[in-house]
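Participant: Let me begin by handing over the structure; questions about it come next.
The values are calculated or read from the model by the stated rules, or taken from the named source; none is laboratory data. These numbers were taken from a predicted model, which means no experiment stands behind them. Cβ sites come from the backbone with ideal geometry, for glycine too, and all protein chains shown count toward neighbours. Only protein heavy atoms, including side chains, enter the accessible area calculation; ligands, DNA and RNA are left aside. Shrake-Rupley method; radii C 1.70, N 1.55, O 1.52, S 1.80 Å.
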Amino acid sequence: MTDETDNASVRLLGRDRTPFLPNRLWIGGAWVSRVNDPATWEAAARADEALTTQLHGSVPSSSASMPTVVKDILDACEVRDGHRVLEIGTGTGYTAALLKDRVGARGSVVSVDVDPEIAATARRNLDAAGVDVEVVCGDGFEGLAREGPYDRVHVTCAIRHVPTAWLDQCPAGKIAMPWGPAFSTERVVALDVADGEASGRFGAAASFMVMRAQRSQAWDDWPDGGETKEISLGLGWRELDGPLGGFGEFVVGLLMPGVTHRTSGADPEDGERVLWLERGGVYASVGFGTDIATNITGDERLIREYAEAVSWWYDHGRPESGGFGLTVRSNGENARQHVWFGSPTDARWEH
Ligand SMILES: C[S@@+](CC[C@H](N)C(=O)[O-])C[C@H]1O[C@@H](n2cnc3c(N)ncnc32)[C@H](O)[C@@H]1O
């Protein structure tokens with residue numbers, strides 16, 4: 001007999017995700033088959049890990065999310081008995097089943113996935129598990145007006161721009177999602193919706209695949225470096241590098257709307273560490289030197305904006321993402337969104 005306390009999905013969420021997983025999982029850069037390697041497959045299914053279930057080329061395009069993060073979004077969403085829920089990003093169908101567990105027989109769950117193959121498989125998984133959820137293949141950016149209004153919108157793909165449709169279809173409830181600036185991975189946020197406006201504070205860290213059509217195309221190729229010049233930014237490489245890869249990366253991203261980044265190399269002592277920045281097709285790179293002077297290429301303003309954002313972060317005592325929140329307001333297709341620090345009326349950045 002297997003010990004169910006050893007299964008992260010059962011322990012954290014009260015339902016086993018194994019019946020929702022496909023027989024092939026992408027683990028450590030290779031497909032692992034349940035038939036040929038049942039031990040590795042089973043261990044992954046029971047682990048507190050995200051499991052890629054579909055690739056488009058070499059890019060993961062669908063997955064079973066990490067149970068801890070599933071719990072974070074579900075808890076933030078505060079789904080209750082009798083609620084009508086719209087889910088965006090059906091994936092395997094597992095989180096749709098968890099939502100149905102929570103809304104009970106009086107409530108309803110409808111889940112939208114953009115990928116026809118994924119939607120069809122999720123439908124089969126939910127049927128086989130005896131869970132009554134409607135799965136619709138479509139673009140979740142539009143929500144699903146015909147089944148609304150909803151009490152909750154539960155989103156399991158990363159969002160850069162909140163669509164107005166979700167506010168219209170959930171006019172007095174909660175929208176929970178992994179939201180991130182273009183610069184970094186996401187944080188869970190639950191927005192309380194009222195009078196065409198929705199607001200909430202950032203919570204736990206999350207890393208999701210970005211909603212199709214909101215993915216950045218900027219880094220398909222590395223740009224040409226161009227001419228190098230030396231400037232002084234008033235910060236040494238340790239400060240400039242400090243937020244990258246840690247919790248400061250999200251915060252710096254909040255301060256630099258629309259900017260994406262990449263890094264190369266690891267050791268500035270060898271002159272190898274380089275940060276590349278991009279906004280709207282304009283690029284710049286900064287090579288972290290070992291003192292204040294540093295080599296840059298491309299648009300100097302982008303580099304200075306980065307240095308200012310990093311300085312702001314240090315000057316404010318390196319605040320964590322929980323000090324910030326997101327407010328969105330109905331406005332055409334994309335809701336108007338701004339990020340704030342402290343409270344919704346304090347310092348703000350339009351995203
Ligand atoms: C991380 S997976 C969802 C995991 C899922 N909740 C589960 O329990 O397995 C993200 C899903 O979002 C879907 N997706 C991406 N863009 C979308 C869009 N515009 N509308 C609806 N679904 C989308 C992908 O096809 C993918 O299946």
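Participant: If you go through region 279-291 one residue at a time, do you hit one that is modelled with pLDDT of 90 or more and buried (at least 18 other Cβ atoms within 10 Å of the Cβ)?
Facilitator: The answer is yes; a qualifying residue exists.
Participant: Looking only at region 3-31, count how many residues are more than 23 Å from Ala128 (Cα to Cα) and in contact with a helix residue (DSSP H, G or I) (Cβ under 8 Å, 6 or more places away or on another chain).
Facilitator: 3
Participant: Now for a separate question. Select from region 325-351 the residues that are open to solvent by 30 Å² or more (accessible area, probe 1.4 Å) and among the hydrophobic types (A, V, I, L, M, F, W, C) and list them in ascending order. Don't jump to the end; show me each part of the working.
Facilitator: At the first step, the residues of region 325-351 found to be open to solvent by 30 Å² or more (accessible area, probe 1.4 Å) are 329-334, 336, 341-351.
Scanning region 325-351 gives Phe341, Ala347, Trp349.
Participant: Restricting attention to region 182-225, report how many residues are over 21 Å from Asp139 (Cα atoms) and assigned to a loop (DSSP other than H, G, I, E, B).
Facilitator: Within region 182-225, residues that are over 21 Å from Asp139 (Cα atoms) and assigned to a loop (DSSP other than H, G, I, E, B) number 13.
Participant: Can you tell me which residue within region 151-163, out of those that are open to solvent by 10 Å² or more (accessible area, probe 1.4 Å) and either more than 10 Å from the ligand (Cβ to nearest atom) or among the charged types (D, E, K, R) (or both), is farthest from His338 (Cα to Cα)? I'd like the intermediate steps shown before the answer.
Facilitator: Restricting attention to region 151-163, the residues satisfying the condition of being open to solvent by 10 Å² or more (accessible area, probe 1.4 Å) are 151-152, 156-157, 160-161.
Filter once more, keeping what is either more than 10 Å from the ligand (Cβ to nearest atom) or among the charged types (D, E, K, R) (or both): 151-152, 160-161.
Values: Asp151: 23, Arg152: 21, Arg160: 12, His161: 10 Å.
Among those that are open to solvent by 10 Å² or more (accessible area, probe 1.4 Å) and either more than 10 Å from the ligand (Cβ to nearest atom) or among the charged types (D, E, K, R) (or both), it is Asp151.
Participant: Continuing with the same structure: Considering only residues that are more than 15 Å from the chain's Cα centre (by Cα), more than 30 Å from Gly29 (Cβ to Cβ) and open to solvent by less than 50 Å² (accessible area, probe 1.4 Å), which ones fall in region 51-92?
Facilitator: Scanning region 51-92 gives Cys77, Val79, Gly82, His83, Val85, Leu86.
Participant: Within region 75-98, work out how many residues are within 10 Å of the ligand (Cβ to nearest atom) and of a type outside the set (Val, Ile, Thr).
Facilitator: Initial filter on region 75-98 (within 10 Å of the ligand (Cβ to nearest atom)): 87-98.
Pick out the ones that are also of a type outside the set (Val, Ile, Thr) and you get 87, 89, 91, 93-94, 96-98.
Adding up the residues that qualify gives 8.
Participant: Now for a different question. Answer yes or no: is there a residue in region 126-137 that is assigned to a loop (DSSP other than H, G, I, E, B), over 18 Å from Pro19 (Cα atoms) and in contact with a Lys or Arg (Cβ under 8 Å, 6 or more places away or on another chain). Step through it out loud before you land on a result.
Facilitator: Kept after step one, since they are assigned to a loop (DSSP other than H, G, I, E, B), are these residues of region 126-137: 129-133.
Subsequent filtering for residues that are over 18 Å from Pro19 (Cα atoms) retains none.
No, the conditions are met nowhere in region 126-137.
Participant: Would you check if Arg123 is over 26 Å from Gly173 (Cβ atoms) and either surrounded by 15 or more Cβ atoms within 10 Å (Cβ to Cβ) or within 9 Å of the ligand (Cβ to nearest atom) (or both)?
Facilitator: Details: over 26 Å from Gly173 (Cβ atoms): no; either surrounded by 15 or more Cβ atoms within 10 Å (Cβ to Cβ) or within 9 Å of the ligand (Cβ to nearest atom) (or both): yes.
Answer is no for this residue.
Participant: How do the pairs read when you match residues in region 123-134 that are touching a residue at least 24 places away in the same chain (Cβ under 8 Å) and assigned by TED's automatic domain parsing to the domain that holds Ala105 with residues anywhere that are open to solvent by 40 Å² or more (accessible area, probe 1.4 Å) and in a helix (DSSP H, G or I), using Cβ under 6 Å and keeping only pairs 6 or more apart or on different chains?
Facilitator: Listed by first residue and then by second, the contacts come to Ala129/Pro19.
Participant: Another one. Would you mind telling me which numbered condition in (1) over 23 Å from Pro171 (Cβ atoms); (2) at pLDDT 95 or above Pro60 fails?
Facilitator: (2)
Participant: Pull up region 206-254, narrow it to residues that are within 16 Å of the ligand (Cβ to nearest atom) and modelled with pLDDT of 90 or more, then point me to the one that is surrounded by the fewest Cβ atoms within 10 Å (Cβ to Cβ).
Facilitator: In the first step, residues of region 206-254 are kept if they are within 16 Å of the ligand (Cβ to nearest atom); the result is 206-217.
Remaining after also requiring modelled with pLDDT of 90 or more: 206-211.
Details: Ala206: 24, Ser207: 14, Phe208: 24, Met209: 22, Val210: 17, Met211: 23.
Among those residues, the one meeting the criterion is Ser207.
Participant: While we're on this one: Does region 91-111 hold any residues that are within 12 Å of Ala122 (Cβ to Cβ) and touching a residue at least 40 places away in the same chain (Cβ under 8 Å), and which are they?
Facilitator: Result: Gly91, Thr92, Gly93, Tyr94, Thr95, Ala97.
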